[in-house]
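Please read the structure below before turning to the comments.
The values are calculated or read from the model by the stated rules, or taken from the named source; none is laboratory data. Keep in mind the model is a prediction, meaning the values are calculated, not measured. As a convention, Cβ positions derive from the backbone with ideal geometry for all residues, glycine included, and neighbour counts pool all protein chains shown.
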Amino acid sequence: MPINLQKNYIVSQGFDESGRLYMQHWMWRMQLGWDLHPAIKLPDSSDARIVEQGCGNAAWLVSVAADLEKDQKHATLVGLDADSSHFPAAANLPANIKLGILDAFTEDLPAEYVGQYDVVHVRAFSSVVKQGNPGPLIENAYKMLKPGGYLQWDDLDGGSFKAVAPGSDSEAASVSTTAA
């Protein structure tokens, strides 16, 4: 069922907004020092699969693709968003990135996404959680994971509006888990 973007999509759809999304990605990377958390271990084989929910203009995916290439690793990267207006043209993306439309809060996750990914990435979703209930987003992310996969959720500290990288003594670092 298509979502009503006028009612449910809080990001505008112009060129300026896409520029803001790139700047926002750059600020996250500068603050955290990474795109894919260093504790996340991808399979050694070339069949690693990473999906980003709410990918916007795919800035995170493009950055991850460059990091993987630099480290001589390979993964299939999939970006999903409720709206495609910020998607770059496929010809402008690395060959291992594919983009598609999917509402992260859907009640009926298509079977093609279930159990397919080593990593599910979401960022800045606290501002779009519907009716104060992140359950559907978390449930869908968990369903998308392969056994042993990782959910990486980057979000702001609402009290300080800072993005804080988890460190060895950080409470946030102790809250990591993998799918069973």
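If you go through segment 75-95 and keep only what is of a type outside the set (A, V, I, L, M), buried (at least 19 other Cβ atoms within 10 Å of the Cβ) and within 17 Å of Glu112 (Cβ to Cβ), you end up with Gly79, Asp81.
Restricting Ala91, Ala66, Ala104 to residues that are without any contact (Cβ under 8 Å) to a residue 60 or more places away in the chain and assigned to a loop (DSSP other than H, G, I, E, B) narrows the list to Ala104. Tallying residues that are in a strand (DSSP E or B) and either at pLDDT below 95 or surrounded by 20 or more Cβ atoms within 10 Å (Cβ to Cβ) (or both) within segment 136-147 yields 1.
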